[in-house]
Amino acid sequence: MALSVACGGDWLGRSAKPVKVLYIAAEGVLGLKNRIRAHRHRYGIEADNIRFVASPIAVADPKEVAALIKCLADEDFAPQLIVVDTFARVDIGR
């Protein structure tokens with residue numbers, strides 16, 4: 001879904017306009033590279049439209065969230081879709 005939205009492709013029979021996507025791979029990136037490569041081969045992808053975070057962040061920790069926001073601002077990247085895979089890995093300690 002995130003890759004389809006980032007490149008403005010179809011997803012489950014619905015067309016998506018391309019928007020900036022942040023994908024937080026909180027359970028690691030095992031297999032993610034293969035999915036990205038396959039999607040790029042079949043549909044293409046706008047590299048400027050997607051960013052990946054390859055580790056969990058504690059969403060209940062304001063310092064970690066602020067650090068992520070600052071990093072995105074430093075890159076001048078304002079995501080319109082944020083995917084957290086999985087939320088259970090970022091909701092630590094609650």
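Going by what's in this entry, would A6 be described as farther than 17 Å from L81 by Cβ and aliphatic (A, V, I, L, M)? No; evaluated as a whole, the condition is false for this residue. Screening the candidates R51, R35, R40 for the property of being surrounded by 13 or more Cβ atoms within 10 Å (Cβ to Cβ), modelled with pLDDT under 85 and within 16 Å of the chain's Cα centre (by Cα) yields one hit, R40.
Which members of the stretch 1-60 meet the condition of being closer than 19 Å to A73 by Cα, free of Cβ contacts under 8 Å to residues at least 24 places away in the same chain and in a loop (DSSP other than H, G, I, E, B)? Correct list: empty.
The values are calculated or read from the model by the stated rules, or taken from the named source; none is laboratory data. Quantities reported herein were computed from a predicted structural model and do not represent experimental measurements. Positions of Cβ are generated from backbone atoms using ideal geometry, with glycine treated the same way; all protein chains shown enter the neighbour counts.
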